[in-house]
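Right, one structure below, let's go through it.
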Amino acid sequence: AADVNVDGIDIHSMKIDCKITSRFAHTIITSQAVNRANVSKEALFDVELPKTAFITNFVMTIDGVSYPGIIKEKEAAQQQYQKAVSRGQTAGLVKASGRKTEKFSVSVNIAAAKNVTFELNYEELLKRSFGKYELLIKVNPKQLVKQFEIEANIFEPQGISYLDAEASFITNDLLPVMQKSFSGKKGRVVFKPTLDQQRSCADCPTTLLNGDFVIKYDVNRETPGNIQIVNGYFVHFFAPKNITRLSKNIVFIIDVSISMSGRKLEQTKQALLKILEDIKEDDYLNFVLFGSDVHKWKDTLIQATPENLEEARRYVRDINIAGWTNLNGGLLAGIEMLNEAQRSGTLPERSASLIIMLTDGRPTKGETNTQTIIDNVRNAIQGKYPLYNLGFGYDLDYASLEKMAAENNGLARRIYEDSDSDLQLQGFYDEVANPLLTEVELKYPENAISDLTQNNFKHYYDGSEIVVAGRITDNDLNSITAEVTAHGAEDDMIFAEQADVEETTKALEEREYIFGDFIRRLWAYLTIHQLLEKRNAAKGEEKANLTAKALEMSLQYKFVTPLTSMVVTKPEDNEDKTALADKPLEAEATRQSSQSVVPSYSVPATSHRYTSVDGD
Amino acid sequence: PHFIIDVPQKEDALCFNINEDPGVVLNLIRDPTTGIIVNGQLIGDVTTDNDAGLHNTYIGRLGIINTQLNLTLEVTPEKIVLHNGTKQKTFMWLDEVILLHPSLTLKIIRKKSLEVSLGEGATFEVVLHKKWKKHLSHADFLGFYIMDSHRLSENTHGLLGQFLHPIDFNILEVHPGSDPEKPDATMIVKNNQLTVTRGWQKDYTEDTKRGTNVPCWFIHNNAEGLIDGTYTDYVVPSLF
C-alpha cells in the first residue's frame, strides 16, 4: 500500500453515504486521512456537491478532537470574521465549479503521525425530469483510497419502478463492482472498488475514479398524486400520466447581436433546426430576432404544418448577425404577438402558450435600463404565459434574467458556452415540449393546513412532477384531502387525492431508511428555495420580510443558503483560524473554474469582437 | 493606433500597432468590386516643444467612400459630413439622428458612436473618444469597427480589409516573455515565423469609456510579416 500515500498523507477511507426518502436526499461524505510523514503536512478535503443542495453540517476531527462548523447569519459571520479575512487567514470554502456542482474544499495542517476525519453533510430535493429523479455524485478522490465506498439507499413509499446507476469512469472491469437492486419500496446502489480496481492501469499509482456517478430512478404511479404525512408535515407529489398532450404556442425570441456571431449562432441554429424536427403539427410557432432592430419571421404565430416547418428551416438557416442588443424590443414584440393572437382568437382554445428567449449579452440598444425592461415585460405578459430566459455564456446580467423569468411564471437557465451548447438548448426545449395541463392549482383544507409552499403552477409538463408541502395545524385531523384543478387538452380536470394520517405515517415507519424529520426538512428546503426566488423579484418591505423569513428558516433548519454562512474553525499551531462556507449564487457565477486548466495564453471568449482600429 | 483582427475560425484575435507620423493617411479598406474605400488620417498627442521621444498616434479623421454611388462621408471628432454628389449634409456629434438614405444608413448616438451601413451587409461603427477635459496632451480621436462585411467582395484589401478573408496561423513554443503576464510565442503565418506576445487590446464598442479587453496575439514591428507587404504600402496621399 505504499503508493496510497501521496506526499506523506494517506487517505485511509472515503465513504459517500446517501439516504433518499421520498425524493429528499441526505448525503454524508466522510474521509479519513493519516499523516505518515515525520513532519506536519497539509491534508486537503476537496469535494463537489450539487448546486441545488444545501450544506447542513461539516465536522473536522483531528486526533480525536472535533471542530464542528457553525451556521450563522451571513452578515454577522462576515463581520465577526472580518479581521481574520483582512489578515488573509480565511478564504471562502465553497466555490461554483461546474454546470451542476459547487466545490467545497478545506485544508488543515496535521502533525506527524496524527489523523483527521472530515465529514460533510448536505441535503437536496431531487427534481423529476424526463420521467426520472437523478442523484449526482462527483467522484474525485485524488489518490488511491484503501476503503472507498459509495452507498445509496432509497426508500419510496409509492414503490420503485426503475433504478439504474452509471459512472463516467466505469470500465468493463469495474462493471461488476457496481451493485444495483430494488424491490418494492427499497432500492440500493453500492460501489466499493478495491485498491487495485481503482488503479488507472495495472501497477499505476493513479486512480481512475474521476467523474460523475449518477443514480436514476422513478416511482410507481397508480394514482395521479401521492400525499405523505409524518409528524405534522405533509408533502404532495403530483405527476399524472396518460393525459393527452396539449398543443402549444411557442415564440422563440433570439438574440442575433454581434456577440452571438460564430459558434454561438451556429449552435443556436443547429438547436432550432433540431427543435423544428420535433415540433408537432398542431403546435403554433414564430421567431423574433433581435439585434439592433427587431425582425419577426411572420407577423402572427403560424401552425407547424410540414410546409410552414420547411419554410421555418430555411429561415433559421439564413439567420444572420445584426448589430447590437435590443432586448426590450425583442421581448415586447414576441409578447405582443402572443397577446394579439389571444385577442383575435386565432390559437386553439385549449393550448399552452410560452415564450423562450435566448440572449448572450446585456441590452445595448433601445431601452437599456434593465429594471424598466423587467417592468415592461411584466406589464405586457400580465401573468398569461410563462417566460423562459436562457442566458448564453457569462457576459450577461443573469440575475435580471432570473428575476424577469420568476416574475412571469418561468425560470432562467444558463447555457454554458461549450461544444454541446446546442444540446443544452434542445434539452431545455424538450423539458417544456410536452405541456399536459395548464393553470394547475392544488387545494387543501384551509382550516387544517398552514405554511403551504407554492400551489399554483402555470403549466405541468410531461415527465416532471409538482411538489407541494405544508404543515398540519389541526391535531385531530384524520385525513387530508387534496383537490387539484387544471385545464387539459379536452376538458378541465379535477383530481382528488386523500391520505389517511395514521396509515401514511405507518407506511413510512421503516426507521433504517428515514433520517429524522425528513418531510419537515423537505418542506423547509422547498419553502426556503421558494422564498429566495420570490425575494429575487421583490422590492422594499416585501423583500425585507421574505429575507427575514428565509434567514430564520435557514438558521432554524441549519442550511447553508445564500443568507447564511458556516464558520469552520481550523486549529493551526497555537492559534485557531476560521474560514467561511457560503453558498455561491448562480447569478454571480463567472466562467467555470474548470477553465483554469486552459493555459494562461488562451482566449476567454469575449462578447464583442470586430476587426477594428482604435486607440487607448 | 491599435488594430484588432478577429479570427473567428481560431476563436482568437491578432493585434498590432502602426506607428506613423501624424498627418499620414492609411488605407484601411479598399474593395474595387463594390467601390467601398475607407481611409484614416493619423493624429498625435498634443505635445509641448521640449517633450521629445515616441508619441502615440490615433485615427483623427476617417473617410468612407462609395465610388460607385458617388458618396463620401468624412468623420472627425467634431462633425460628420456626408457628400452625395454635389449635395452636402453636416451633422454634429451632439445630434442623435438616424438618416435613412436609399443607399446608406447613418445612426448617430449622441457623443458616442456612429453606425454606417452601406446597404445590406456592410456596416461599420465609428466610436468617438473625447479627451478628458483636463488632459493637456491628449486629443479627441476615433475608433473604427467593421460590424458586418458580408457585402464586401473577395477582392477587398487594405490594412483591415485584407483580414476579412480567412487567415490561418499557428502558435508554437509559448514561453515566458519580458513581462511575466504576457508570454511570448512563435507564430507561423503566411510562411513567416514571427515572435509574438500574448496581450490584450481594448474594444470600445460596448463601453466607450473603459473598453473591453480583447485577448490577442500581438505582432511587433508594425505587423511586419503578418500584413501583405509593409505598412508603408498602405499610405495613401489623401483621405479621399
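What pairs can you find where one residue is in segment A:526-542 and charged (D, E, K, R), the other is crowded, with 19+ Cβ neighbours inside 10 Å, and their Cβ atoms are less than 8 Å apart, with a gap of 6+ or different chains?
Taking only residues 6 or more apart or on different chains, the pairs are A:Glu533/A:Ala406; A:Lys534/A:Ala406; A:Lys534/A:Leu546; A:Arg535/A:Leu546; A:Arg535/A:Ala550.
What residue, of A:Asn220, A:Asn249, A:Asn242, A:Asn231, is without any contact (Cβ under 8 Å) to a residue 12 or more places away in the chain and among the polar types (S, T, N, Q)? Steps first, please.
Working: A:Asn220 fails: without any contact (Cβ under 8 Å) to a residue 12 or more places away in the chain; A:Asn249 fails: without any contact (Cβ under 8 Å) to a residue 12 or more places away in the chain; A:Asn231 fails: without any contact (Cβ under 8 Å) to a residue 12 or more places away in the chain.
Of the residues listed, the single one that is without any contact (Cβ under 8 Å) to a residue 12 or more places away in the chain and among the polar types (S, T, N, Q) is A:Asn242.
Do we find a residue being within 14 Å of chain B (Cβ to nearest Cβ), touching a helix residue (DSSP H, G or I) at 6+ places or on another chain (Cβ under 8 Å) and modelled with pLDDT under 65 anywhere in segment A:597-605?
Looking through segment A:597-605, at least one residue is within 14 Å of chain B (Cβ to nearest Cβ), touching a helix residue (DSSP H, G or I) at 6+ places or on another chain (Cβ under 8 Å) and modelled with pLDDT under 65.
Return the pairs, sorted by first residue and then second, in which the second residue is of a type in the set (D, E, K, R) and in a loop (DSSP other than H, G, I, E, B), the first residue lies in segment A:470-484 and is without any contact (Cβ under 8 Å) to a residue 40 or more places away in the chain, the beta carbons are less than 9 Å apart, and the residues are 6+ apart or on different chains.
A:Thr473/A:Asp451
Can you name every residue in segment A:13-27 that is crowded, with 17+ Cβ neighbours inside 10 Å, part of a strand (DSSP E or B) and not polar (S, T, N, Q)? If you could, list the steps in order and put the result at the bottom.
Initially, segment A:13-27 is screened for residues crowded, with 17+ Cβ neighbours inside 10 Å, giving A:14-16, A:18-27.
Narrowing further to those that are part of a strand (DSSP E or B): A:14-16, A:18-21, A:24-27.
Within segment A:13-27, A:Met14, A:Lys15, A:Ile16, A:Cys18, A:Lys19, A:Ile20, A:Phe24, A:Ala25, A:His26 qualify.
So if I check each of A:Leu477, A:Leu396, A:Leu401, which one is farther than 26 Å from A:Gly131 by Cα and in a helix (DSSP H, G or I)?
On the way: A:Leu477 fails: in a helix (DSSP H, G or I); A:Leu396 fails: in a helix (DSSP H, G or I).
Answer to the selection: A:Leu401.
Of all residues in segment A:105-137, which are closer than 28 Å to A:Asp462 by Cα and outside any loop (DSSP other than H, G, I, E, B)?
Residues of segment A:105-137 closer than 28 Å to A:Asp462 by Cα: A:123-137.
Across segment A:105-137, the qualifying residues are A:Glu123, A:Glu124, A:Leu125, A:Arg128, A:Ser129, A:Lys132, A:Tyr133, A:Glu134, A:Leu135, A:Leu136, A:Ile137.
Does B:Lys87 qualify as being at pLDDT below 90, out of contact with any Gly (no Cβ under 9 Å at 6 or more places or on another chain), farther than 28 Å from B:Ala13 by Cα and more than 11 Å from chain A (Cβ to nearest Cβ)?
Working: at pLDDT below 90: yes; out of contact with any Gly (no Cβ under 9 Å at 6 or more places or on another chain): yes; farther than 28 Å from B:Ala13 by Cα: yes; more than 11 Å from chain A (Cβ to nearest Cβ): yes.
So B:Lys87 fits the description; yes.
How many residues does segment A:120-145 contain that are surrounded by fewer than 16 Cβ atoms within 10 Å (Cβ to Cβ) and within 17 Å of A:Lys192 (Cα to Cα)?
Final tally of qualifying residues: 2.
For residues that are surrounded by 17 or more Cβ atoms within 10 Å (Cβ to Cβ) and not aliphatic (A, V, I, L, M), scanning just segment A:444-461, find the one that is farthest from the chain's Cα centre (by Cα).
For segment A:444-461, the residue satisfying everything is A:Tyr444.
Tell me, which residue of segment A:535-564 that is outside any helix (DSSP H, G or I) and at pLDDT below 90 is surrounded by the most Cβ atoms within 10 Å (Cβ to Cβ)? If you could, list the steps in order and put the result at the bottom.
Of all residues in segment A:535-564, those outside any helix (DSSP H, G or I) come to A:538-539, A:557-564.
Checking the rest, the ones that are also at pLDDT below 90 come to A:538-539.
On the way: A:Ala538: 18, A:Lys539: 9.
Among those residues, the one meeting the criterion is A:Ala538.
Just to verify a result, which residue in segment B:183-202, among those that are over 24 Å from the mean Cα position of the chain (by Cα) and within 9 Å of another protein chain (Cβ to nearest Cβ), is nearest to A:Thr364 (Cα to Cα)?
The extreme case among them is B:Pro183.
Please find, within segment B:208-240, the residue that is farthest from the other protein chains (Cβ to nearest Cβ) out of those that are free of Cβ contacts under 8 Å to residues at least 40 places away in the same chain and touching a Ser or Thr at 6+ places or on another chain (Cβ under 8 Å).
Selected residue: B:Glu224.
Can you tell which of A:Ile279, A:Ile335 is more than 30 Å from B:Gln9 (Cα to Cα) and at pLDDT 95 or above?
Working: A:Ile279 fails: at pLDDT 95 or above.
Exactly one residue qualifies, and that residue is A:Ile335.
Residues that are touching a residue at least 24 places away in the same chain (Cβ under 8 Å) and part of a strand (DSSP E or B): does segment A:173-180 have at least one?
Scanning segment A:173-180 turns up no residue that is touching a residue at least 24 places away in the same chain (Cβ under 8 Å) and part of a strand (DSSP E or B).
Output the number of the condition that B:Thr205 fails; it satisfies all remaining conditions of (1) away from chain A (no Cβ under 11 Å); (2) in contact (Cβ under 8 Å) with a residue 40 or more places away in the chain; (3) β-branched (Val, Ile, Thr).
The single condition B:Thr205 does not satisfy is (1).
Return a yes/no flag: does segment A:190-197 have any residue that is touching a strand residue (DSSP E or B) at 6+ places or on another chain (Cβ under 6 Å) and in contact (Cβ under 8 Å) with a residue 60 or more places away in the chain.
Within segment A:190-197 (the criterion being touching a strand residue (DSSP E or B) at 6+ places or on another chain (Cβ under 6 Å) and in contact (Cβ under 8 Å) with a residue 60 or more places away in the chain), the answer is no, since none of the residues qualifies.
List pairs: first residue in segment A:301-326 and more than 14 Å from chain B (Cβ to nearest Cβ), second residue part of a loop (DSSP other than H, G, I, E, B) and loosely packed, with under 14 Cβ neighbours inside 10 Å anywhere in the structure, Cβ distance under 7 angstrom, at least six positions apart or on different chains.
Short answer, once both residue conditions are applied: A:Ala304/A:Lys280; A:Ala304/A:Glu281; A:Thr305/A:Glu281.
Tally up the residues in segment A:186-224 that are more than 23 Å from the chain's Cα centre (by Cα) and closer than 22 Å to A:Gly463 by Cβ, please. If you could, list the steps in order and put the result at the bottom.
Start the filter on segment A:186-224 by keeping residues that are more than 23 Å from the chain's Cα centre (by Cα), which leaves A:186-188, A:190-209, A:220-224.
Next cut, closer than 22 Å to A:Gly463 by Cβ only: A:187, A:220-224.
Here the count works out to 6.
The values are calculated or read from the model by the stated rules, or taken from the named source; none is laboratory data. All values derive from a computational prediction rather than experimental measurement. Glycine gets a Cβ as well: all are built from the backbone with ideal geometry, and neighbour counts include every protein chain shown.
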